[in-house]
Amino acid sequence: ETGVTQSPTHLIKTRGQQVTLRCSSQSGHNTVSWYQQALGQGPQFIFQYYREEENGRGNFPPRFSGLQFPNYSSELNVNALELDDSALYLCASSLASSDSPLHFGNGTRLTVT
Amino acid sequence: EDQVTQSPEALRLQEGESSSLNCSYTVSGLRGLFWYRQDPGKGPEFLFTLYSAGEEKEKERLKATLTKKESFLHITAPKPEDSATYLCAVQPSGGSNYKLTFGKGTLLTVNP
């Protein structure tokens, strides 16, 4: 069984640039969620995708956007990067059932300078 | 708004010294409470889901319990490999049941 994989593992960008992060779901999982984890904090919910549509969104501005593809993989796009966007970005997959726990990847560490 | 508070922020134990981590929560309706373990530079690893007050779950040296206001993660005779950050999260039962609200975690260090 293949777990959740994310790429790249690390990324350095300049303020104002745009970034795309990628995620492959665990085999058999059809729902993808993205979380932002700042240093010393717990993960914060960004949004969730199910059947290629955004299923719910947290308190993040529209410059955070996403996609889910037919094979359930996903992308997180962030435009106009700000210094505060520096964080670990975590992708998690699950089954559509609300009883299904999230299974996380190891994240992408984004540094904005 | 759902809230999760974990205490202590950090805990240092000697190998074999049992203790408990606390997770206090506020949620309009609880669908589930989750415990995760996170190692440095890694994503959270799922440990347990608890659904109703009085429920208990065990895995090796870990036991999680749930009341209507808090959850405890009991660690019995810990080993150095139990060192990690332990995260607690709640899932609401209402319309926002697609998201988890996490606490900041408890950093556990077990010394040999």
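The values are calculated or read from the model by the stated rules, or taken from the named source; none is laboratory data. From a predicted model like this one, the values you see are computed outputs, not experimental measurements. Don't worry about glycine lacking a Cβ; one is built from the backbone with ideal geometry, like all the others, and counts go over all protein chains shown. Please note that ligands, DNA and RNA were not included when accessible areas were found on the heavy atoms of the full protein model with its side chains. Shrake-Rupley method; radii C 1.70, N 1.55, O 1.52, S 1.80 Å.
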* Structure fact -> In whole Å, largest first, the alpha carbons of segment A:1-106 cover along the principal axes 37, 23, 23
* Quickly work out the residue A:30-to-residue B:79 label distance, labels modelled 7 Å from Cα along the C-beta direction, and quote it in nm with one decimal. => 4.0
* Structure fact -> So the A/B interface buries, both sides summed and with a 1.4 Å probe, an accessible area in Å² (nearest 100) of 1600
* Structure fact -> Inter-part gap, Cα centre of segment B:1-28 to Cα centre of segment A:11-71, in whole angstrom, is 27
* Work out the FRET efficiency for residue A:22 and residue B:1 from their Cβ-Cβ distance, taking R0 = 35 Å, and round it to the nearest 0.05. => 0.70
* **Linear extension gain, residue B:55 paired with residue B:19, 0.36 nm per residue minus alpha-carbon span** => 11.0 nm
* What Kirkwood hydrodynamic radius, in Å, does the protein assembly as shown give when the mean of 1/r is taken over all pairs of distinct Cα atoms and then inverted? -> 18.0
* Asked: Karplus couplings for segment A:73-79 from phi (6.51 cos²θ - 1.76 cosθ + 1.60, θ = phi - 60°), rounded to Hz, Gly and Pro as x?
  -> 5, 8, 10, 10, 10, 10, 9
* Structure fact -> For residue B:48, the residues 5 or more places away or on another chain with a placed amide H closer than 5 Å to its own amide H are B:35
* Asked: Taking chain A as a Gaussian network, where each spring joins two C-alpha atoms under 10 Å apart, which residue of A:36, A:48, A:18 fluctuates the most?
  -> A:18
* Asked: Rounded to a whole number, what % of the accessible area of chain A do carbon and sulfur atoms account for, probe 1.4 Å?
  -> 46
* To do: May I ask you to find the residues of segment B:13-47 that are shielded by at least 30 Å² of accessible area once the whole protein assembly is considered instead of their isolated chain (probe 1.4 Å)?
  => B:31, B:36, B:38, B:42, B:43, B:44, B:46
* Stretched out fully, how many nm does the piece from residue A:83 to residue A:65 gain, at 0.36 nm a residue minus the Cα gap? -> 4.7 nm
* Asked: Which longest run of chain A has no exposed loop site in it, a site being GluC sites (Glu not before Pro) in a DSSP loop with at most 15 other beta carbons within 10 Å, and the site itself not part of the run?
  -> A:2-51
